[in-house]
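Below: one structure, written as structure tokens.
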């Protein structure tokens with residue numbers, strides 16, 4: 001069988017930047033094992049497979065990294081929205097679309113420009129603030145970070161808006177760029193903390209010398225998912241926004257329009273837009289959005 005796919009760069013409007021994505025719009029007949037092998041063959045952070053809905057959305061989407069299936073993810077949702085607009089599955093001018101994901105129905109808001117999709121916002125689940133990594137020195141040693149580069153007073157904490165990540169706040173962009181994973185050491189650190197191994201998200205609120213408008217500068221390393229480094233991680237960007245607001249790194253007003261600059265260290269800069277609604281100390285809505293650009297189409301023989 002031959003299965004066609006669209007290849008997009010996500011969280012950018014510039015080809016060969018952002019995060020790569022393969023979208024299979026007609027995957028009927030593929031088994032779970034075949035989809036996993038295809039994702040490994042494509043070797044992008046994620047590949048998506050779009051099926052008819054089960055009744056709670058417009059389409060059902062399954063998301064695979066090279067190693068595992070995910071219940072939700074940001075850049076696959078935003079990128080697949082653009083792919084389905086190109087396919088005509090999403091009619092021009094439509095303002096909303098619902099994906100059936102492993103976490104349940106996930107709405108996406110659409111913005112158009114002269115009949116072409118210009119921007120997509122996905123709504124994520126409200127945050128769950130999880131355990132804190134108490135042994136900061138062990139975590140620093142396992143990730144190539146100097147203990148002095150960890151921001152004093154801010155926790156190293158697991159947060160999830162559908163997929164959990166360990167968030168590591170650092171003092172500078174230089175420190176973020178220097179982070180590297182010693183997998184065995186990191187696994188021991190998680191074990192000692194009584195935690196399973198989570199993808200590790202490094203970030204800094206430091207504006208740095210660059211003249212950009214980024215609220216945060218970030219990197220995501222996840223060897224456990226088969227992803228050495230991810231150029232753009234939408235599923236981590238919702239929790240990142242929640243971290244920034246909860247711990248006073250941004251105001252509630254600023255939290256309505258933020259940008260995470262990710263992928264710079266890989267030569268694939270990505271701009272992930274984040275927006276939070278809140279009522280006092282309570283976060284009431286989490287959205288992550290961005291642009292995408294088509295860079296190719298192809299067929300895969302299975």
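A quarter of the convex hull surface defined by the alpha-carbon atoms of the stretch 179-302 gives 10.9 nm² as the mean projection.
With R₀ fixed at 41 Å, the C-beta to C-beta distance from residue 285 to residue 184 puts the FRET efficiency at about 0.55. Each 5 Å bin from zero up to the one holding the largest Cα-Cα distance in the stretch 82-146 carries the following percent of pairs: 4, 14, 17, 13, 9, 7, 8, 10, 9, 7, 1. Peptides 112-122, 87-97 ordered by packing proxy, namely the average of other Cβ atoms within 10 Å per residue, highest first: 112-122, 87-97. With respect to the chain, whose longest principal axis is taken over its alpha-carbon atoms, helix 74-87 is tilted by about 20°.
The antiparallel fraction among DSSP beta bridges confined to the stretch 192-302 stands at about 85%.
For the stretch 216-236 and the stretch 69-118, what is the separation of their Cα centres, given in Å? For the stretch 216-236 versus the stretch 69-118, the Cα centre distance is 21 Å. Between the Cα long axis of helix 32-42 and the first principal axis of the chain there is an angle of about 70°, rounded to the nearest 10. The fraction of Cα-Cα pairs per 5 angstrom bin, counted from 0 for the stretch 193-245, comes to 4, 16, 25, 23, 18, 8, 3, 1, 0 percent, rounded to whole percents. Ordering 75, 28, 273 from the fewest to the most neighbouring beta carbons within 10 Å gives 28, 273, 75.
Return one number: the angle in degrees, 0 to 90 and rounded to the nearest 10, between the long axis of the Cα atoms of helix 183-192 and the longest principal axis of the Cα atoms of the chain. The helix 183-192 is inclined about 70 degrees to the chain. Considering the chain at the alpha-carbon level, its Rg and Dmax are found to be 18.6, 56 Å. With neighbours defined as other Cβ atoms within 10 Å of a residue's Cβ, the residues 3, 217 order from fewest to most as 3, 217. Taking only the C-alpha atoms of the stretch 1-44, Rg followed by Dmax gives 11.9, 34 Å. Working from label points 7 Å from Cα in the Cα-to-Cβ sense, the residue 118 to residue 147 distance is 5.2 nm. By the beta-carbon count within 10 Å of each Cβ, the least crowded to most crowded order of 196, 60, fewest first, is 196, 60.
DSSP assigns beta bridges within the stretch 42-132; of those with both partners inside it, close to 90 percent run antiparallel.
The numbers here are math on the coordinates, done by the rules we state, and not lab data. Just so it is clear, the model here is predicted, and its values are computed rather than measured. Every residue, glycine as well, gets a Cβ built from its backbone with ideal geometry; the counts of neighbours run over all protein chains shown.
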